[in-house]
Amino acid sequence: MEQSKTLLTVLAAAGVLIPFPLLYAQVLTAVSATPDLDTLAITFVNLLEEGKFEDAAESFNKQMAEALPPRELEAAWNGLTGRVGEFKGIIEVKVTEEKGYRVVYVTCDFAKTSINIKIVFDDDGKIAGLWFVPATEGLHAIYIAALIATATSVLLWGGLVYWLSRRERMYLALMLVTLPFSTIVNLCVKKPIYEFLLSSLNIPEWSVTSPWWFLMFVLFLSPITEEAVKLSPLVAKKVRRMVGRSSALWVGMAFGMGFGIGEIWYLAWGFSMVPELGGYPFYYFGGFVAERIAVVFIHGIMTAVAATGFTKGRNGLLVGYVGALFLHAFTNMGAMLYQIGFWDETLASFYLFLPTVVAFFIFEHLRKKGLADQKHAETVLFSRSD
Amino acid sequence: MLISALSSLGIGAPFLVILLSLPSMRYELDSDNLVMRCGLLRYVVPLTSIKRITKRDLEISLWSSLRLPGLALFTVPYADVGKVKMCATSASKDIILIETDRDMHGITPADEEGFIADFRSRIGGM
């Protein structure tokens, strides 16, 4: 139950913008070999465990001390133990060299999982870099889950588009165009806007006590930015020519689904950096797989709504875009309400069924409209006017 | 154990009935009506109510009722033509669509030409 809560917390973050927590600071300088690094590393970890953050920070070099003062080091450590539980002890210490730097991995046992505390030393034996990373070896299981979600989405939704569009391979190819868009919009647009607003307005991380307008901003930030970037291929004349009354649904679906599949991998990358998610088998992320499969389809529908509007001119595009925004916000609302503690995890989990069913209705509606504009080959065998 | 057996029977029995009734699927033309049968399913269409008969492919809706590969029975919603009362061995390909004043029926006679010729001869005598 505790595991599912943890996973749901992470999944809740998937629907809306949550910048991944900064768990590390890195200020590297050239280093050379220094003896007893393992001892220094163990001492440093023990000081953290004892809560002696001032003493621990004395091991930092100048740049690191500026980047991570004792108060922030304490916050980082408390944040870690808040997520992965109480520190139980050191399991293993490994000294290695990476790209010319001497690195010590202190594998620690916490109540919920194991974490590698990665410490980089400079040539004076001072700490020049610090990470808290999952103690997993090989491929993180979230990537296997992402692969399953991707393969299922392509087979299920890609197959649906291919089959119902009368086997048009072009629409499958269009999905490739928007694959990187999720990563781009998250890192280059949403994250900077969100962080700028937090810092300039001096607002702490969002919660149920946040101002309502700020919650609305968070709710609509993803829809506004993501729906715009999903439609961005329309700037190309060649793409605009593809969007007709009977093809808008399929072009929109292709762009939206491509974005959704890219988002699977962006999120998987983000989750792979969350220490408490390390060390689990891939089937632990079943909720992630199911949620992402549904969201890929919903992403397709959102863009299809806007693309269908585009066939009616600029005003139509605006109406379609606004429709897509509200559908997107409606989809993200469950995760957001859970995130701020307003809903419990069960309600938030089941909520996604609602936008999924709505998306199916919209899909059928748009398809009917598209078919109405198509001529069907038929042979008249009898007519009363004969 | 008994409950699960009864549940399985409850779910499986209708499919079994349909499967067993498949060989009984037939279309009968008499002087007044076209009768479509498949097991317990029976549609009767007065010949005088038929306005149009076409052969075409239908666009399957995601909200279909009983539609299995090689079988379409009862009322099936289609994305392009709406609801069609089906009694056919195909759900979407090469459907003979019979339009009446009130509704549409979909059939797949094995001998299409013979069926239409017979239909025309009967309607011509009216």
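The values are calculated or read from the model by the stated rules, or taken from the named source; none is laboratory data. Predicted model, so just to flag it, every value in this text is computed and none were measured. Reconstructed Cβ throughout: ideal geometry from the backbone, glycine too, with neighbour counts over all protein chains shown. The accessibility values were calculated without ligands, DNA or RNA, using every heavy atom of the protein model including side chains. Shrake-Rupley method; radii C 1.70, N 1.55, O 1.52, S 1.80 Å.
Seen against the Cα atoms of chain A and their longest principal axis, helix A:191-200 is set at about 60 degrees. The percentage of C-alpha pairs in segment A:141-385 whose separation is greater than 25 Å is 46%. The per residue volume of the convex hull around the alpha-carbon atoms of chain B is 112 Å³.
Please report the carbon-and-sulfur percent of the accessible area for the protein assembly as shown; probe 1.4 Å, protein heavy atoms only, DNA, RNA and ligands left out.
Ligands and nucleic acids excluded, carbon and sulfur give 61 percent.
Spin-label model, A:A111/A:K237: points 7 Å from Cα along the beta carbon direction are separated by 6.5 nm. Calculated mean residue ellipticity at 222 nm for chain B: -8500 deg cm²/dmol, from DSSP H runs with n ≥ 4 weighted as -39500 (n - 2.57), summed, divided by the residue count and rounded to 500.
Between A:E97 and A:L197, the simple label model (points 7 Å from Cα in the Cβ direction) yields a spacing of 4.9 nm. Short version: which residues of segment B:95-126 lose at least 40 Å² of accessible area, all chains versus chain alone, 1.4 Å probe? Buried-area filter returns B:R120.
Residues within the reach of a label modelled at A:I184 (point 7 angstrom out along Cα to beta-carbon, backbone nitrogen below 17 Å), restricted to segment A:199-229, are A:224-229. Rounded to the nearest 100, the interface formed by chains B and A buries 2000 square angstrom of accessible surface, both chains summed, with a 1.4 Å probe.
Helix-only arithmetic for chain A: the sum of -39500 (n - 2.57) across DSSP H runs with n ≥ 4, divided by the residue total, places the mean residue ellipticity at 222 nm at -18500 deg cm²/dmol. With a Förster radius of 30 Å applied to the beta-carbon distance between B:S121 and B:L9, the computed FRET efficiency rounds to 0.05.
For B:M25, the residues whose modelled amide H falls within less than 5 Å of its own, excluding neighbours fewer than 5 places apart on the same chain, are B:G39. For B:N33, nonlocal amide neighbours, meaning residues 5 or more places apart or on other chains whose placed amide H falls under 5 Å from its own, are B:L47.
If you sort the three axes of the alpha carbon gyration tensor as a ≥ b ≥ c, you get a/c of 1.5 or more for segment A:30-122 and a/b no higher than b/c, which makes it oblate. Per residue, the protein assembly as shown exposes an accessible area of 49 Å² to a 1.4 Å probe, with every protein chain left in place. In this simple spin-label model, placing a label point 7 Å from the Cα along the Cα-to-Cβ direction at both B:V17 and A:T39 gives a separation of 8.5 nm. Among A:S165, A:S199, A:S222, the largest mean-square fluctuation in a Gaussian network model of chain A (Cα springs under 10 Å) belongs to A:S199. For the options A:E226, A:E345, A:E195, a Gaussian network treatment of chain A with springs between C-alpha atoms closer than 10 Å singles out A:E195 as fluctuating the most. Over segment A:135-255, the Kirkwood radius and the radius of gyration, each from Cα atoms, give a ratio Rg/Rh of 1.08.
Projected over all directions and averaged, the alpha-carbon convex hull of the protein assembly as shown occupies 32.4 nm². Using Cα springs under 10 Å in a Gaussian network model of chain B, which residue among B:I107, B:I98, B:I116 shows the largest mean-square fluctuation? Highest fluctuation among the options: B:I116. Between B:A79 and B:E59, B:I60, B:S61, the built amide H atoms are under 5 Å apart, and every one of these is 5 or more places off in sequence or on another chain.
Contact-buried residues of segment B:16-59, at a threshold of 40 Å² lost accessible area versus the chain by itself: B:K51, B:R52, B:I53, B:K55, B:R56, B:E59 (1.4 Å probe; DNA, RNA and ligands ignored). Summing Lys and Arg as +1 and Asp and Glu as -1 over all other residues whose Cβ lies under 14 Å from the Cβ of A:P223 gives a net charge of -1.
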